[in-house]
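Undergrad: Would you mind keeping the following structure in view while I ask a few things?
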């Protein structure tokens, strides 16, 4: 079955690319209200394609936000595993448009890359599975596993409707394992398997001092400046060793075992390249951990923005009434983003000078995840990736967040296998986003072999 599917996929690469370009031409920007119609149109486009592939019950499901597309094929039999395929059809805005070398929604091919918004994140990677299903259905009329598809339209805006949808449809979405392609490889010949993701807690803090902006000549020196108070508070959130000082912050952090530290150390990482890419002359972080561990396996607290008072051209001698900051924390498995938000809010209120009023609000949050490295589904992924790319995959922790992985664990009780085919220089969220077409085709081959392997 898989050999026929592989031959079909190789013979139909031109058609696959043409259809991918059509998909990428749909401007499904979830963050911009003017693209709401495009979001609906893209969801319907997917549902129509899924039906044409021979999948059953392809639906555009309304939510409080953008729709979720679902479909299924459950005829492999009860003795075969059920795979839940997840992806997202929404994309980031394209600004600044003047930095694009081609129309972000024309999907131009140049030097083995397709350039378009969403080409790598995540339309191109998600579309791999449509072509995998087509290859099986057109050659043998069936799949080696049962499949369910869940493609959302809010990932780029934090997925506000997704958790409720999964919870409400937990019976419909029941599966043995989830497969997600929304991560990257280290280079074109070096795959990796992400087995841990960090969660996120994001808050905004507002300090209010005087009732209005004041003349600094008349009031300066006798009024506690809210910007000064905020700067002092923010500076105290970490000590000189990079350790976060919020009481209780580390209480549920699982320590890194020596075995896992060795696994992380095996992944290729150049401190010099890291600094060059960041444009810095040195690194600084939590004492006792390598840079690789700091950016993937340890929780963080970062100040993402700070403002207040007069920031325009020229001078204005004002003592401001308010000061603001945005703070985010990347969280590791076992840390609850709601608990961390509460700890952080309480701490900020506790350390604020008595002369200012503190208000905080939560902007976004999601849980981290840790995936079993020794499951049969992870072992099969390791085997197939080595087969396709010629190199054994490296196991990686991802510093960013894919909150749905934790949701699948908590609500559906399943782990996710993250078969990523993007590359580090794909330009996600940036002008000239691109997807390496050999990886698109290798991704199709990988998924065909993977489904065949776990369906044995």
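Undergrad: In the list 82, 42, 64, which residue meets the criterion of being surrounded by fewer than 23 Cβ atoms within 10 Å (Cβ to Cβ), touching a residue at least 40 places away in the same chain (Cβ under 8 Å) and farther than 21 Å from residue 405 by Cβ?
TA: Answer to the selection: 64.
Undergrad: Kindly indicate whether residue 333 is modelled with pLDDT under 95 and within 21 Å of residue 249 (Cβ to Cβ).
TA: yes
Undergrad: Taking the stated definitions as given, is residue 385 over 15 Å from the mean Cα position of the chain (by Cα), crowded, with 19+ Cβ neighbours inside 10 Å and under 28 Å from residue 444 (Cβ atoms)?
TA: yes
Undergrad: Which pairs turn up if I take residues in the stretch 442-454 that are outside the structural domain of residue 175 (by TED's automatic domain parsing) and free of Cβ contacts under 8 Å to residues at least 24 places away in the same chain and look for partners that are assigned to a helix (DSSP H, G or I) and surrounded by 24 or more Cβ atoms within 10 Å (Cβ to Cβ) with beta carbon separation below 7 Å, at least 6 apart in sequence or on another chain?
TA: Qualifying pairs under 7 Å: none.
Undergrad: Looking for something under 28 Å from residue 395 (Cβ atoms), modelled with pLDDT under 95 and in a loop (DSSP other than H, G, I, E, B) - is there at least one such residue anywhere in the stretch 143-153?
TA: Taking every residue of the stretch 143-153 in turn, none turns out to be under 28 Å from residue 395 (Cβ atoms), modelled with pLDDT under 95 and in a loop (DSSP other than H, G, I, E, B).
Undergrad: Now for a different question. Being modelled with pLDDT of 95 or more and either in a strand (DSSP E or B) or closer than 25 Å to residue 269 by Cα (or both) is the filter here, so list the residues in the stretch 406-425 that pass it.
TA: Matches in the stretch 406-425: 416, 417, 418, 419, 420, 421, 422, 423.
Undergrad: For the structure I just gave you, tell me whether residue 401 is modelled with pLDDT under 95, assigned to a helix (DSSP H, G or I) and either buried (at least 16 other Cβ atoms within 10 Å of the Cβ) or over 19 Å from the mean Cα position of the chain (by Cα) (or both).
TA: For residue 401, the condition - modelled with pLDDT under 95, assigned to a helix (DSSP H, G or I) and either buried (at least 16 other Cβ atoms within 10 Å of the Cβ) or over 19 Å from the mean Cα position of the chain (by Cα) (or both) - is not met.
Undergrad: Of all the helices (runs of 4 or more DSSP H) wholly in the stretch 160-269, which have at least 2 residues that are surrounded by 17 or more Cβ atoms within 10 Å (Cβ to Cβ)?
TA: Working: elements: 162-168, 216-219, 226-235, 258-266.
It comes to 162-168, 226-235, 258-266.
Undergrad: Can you pull out the strands (runs of 3 or more DSSP E) entirely within the stretch 28-98 that have at least 2 residues that are under 22 Å from residue 419 (Cα atoms) and in the same structural domain as residue 142 (by TED's automatic domain parsing)?
TA: Once the strands (runs of 3 or more DSSP E) in the stretch 28-98 are filtered for at least 2 residues that are under 22 Å from residue 419 (Cα atoms) and in the same structural domain as residue 142 (by TED's automatic domain parsing), what remains is 68-73, 82-88.
Undergrad: Here's another thing I want to ask about it. One residue is enough: does the stretch 323-338 have a residue meeting the conditions in the same structural domain as residue 225 (by TED's automatic domain parsing), surrounded by 13 or more Cβ atoms within 10 Å (Cβ to Cβ), over 25 Å from the mean Cα position of the chain (by Cα) and touching a residue at least 60 places away in the same chain (Cβ under 8 Å)?
TA: Looking through the stretch 323-338, at least one residue is in the same structural domain as residue 225 (by TED's automatic domain parsing), surrounded by 13 or more Cβ atoms within 10 Å (Cβ to Cβ), over 25 Å from the mean Cα position of the chain (by Cα) and touching a residue at least 60 places away in the same chain (Cβ under 8 Å).
The values are calculated or read from the model by the stated rules, or taken from the named source; none is laboratory data. None of these values were measured; they are calculated from a predicted model. Methodologically, a virtual Cβ is constructed for each residue, glycine included, from the backbone with ideal geometry; neighbour enumeration extends over all protein chains shown.
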